Amino acid sequence: MRRGSGIVTLVVLLWLIIGAVAAGQRGYYNDDDLSCSETGDIVLTILAGPLNYVGVNPEVDCDDLPDSEDFPDGDDLPEPSE
């Protein structure tokens, strides 16, 4: 293994660890029932790494699927797109 690739690997690992710590500090790991946008926020926060500490606050806005209680008989379920 070349020395340069080892340094790059170390930098990437540190970057992701810092992002994971930032997500923990924002309380993203406390919720057991995650929505699409909450999961996206966690992933983007981890990928943003140290940028979280200079003002970056990545957020995802996605439409969540309706609950099954909204369609009790199944007749009102939307058709899957083709």
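Each residue, L10 and C36, gets one label point 7 Å from its Cα in the Cβ direction; the gap between the two is 4.1 nm.
The residues R26, R3, when put in order of fewest to most other Cβ atoms within 10 Å, stand as R3, R26.
For the range 12-17, backbone phi angles converted through the Karplus equation (6.51, -1.76, 1.60; θ = phi - 60°) give residue-by-residue couplings of 5, 4, 4, 4, 5, 5 Hz, Gly and Pro being listed as x.
By the count of neighbouring beta-carbon atoms within 10 Å, fewest first, V11, V54, V60 end up ordered V54, V11, V60. Positive end of the dipole of the range 3-62, charges at C-beta (+1 Lys, Arg; -1 Asp, Glu), about the Cα centre: which of L13, G40, G55 has its Cα farthest in that direction? My answer, from the dipole projection, is L13. Spin-label model, L51/A20: points 7 Å from Cα along the beta carbon direction are separated by 2.0 nm.
Residues S35, S81, S5 in ascending order of nearby Cβ atoms (within 10 Å, fewest first): S81, S5, S35.
Counting only other residues whose beta carbon sits under 12 Å from that of E59, what net charge do I get with K and R as +1, D and E as -1? So the environment of E59 carries a net charge of -2.
No lab work stands behind these numbers, since they all come straight from the coordinates. In this text, all values refer to a predicted model and were calculated from it rather than measured experimentally. All Cβ positions, even for glycine, are placed from backbone atoms using ideal geometry, and neighbour counts span all protein chains on display.
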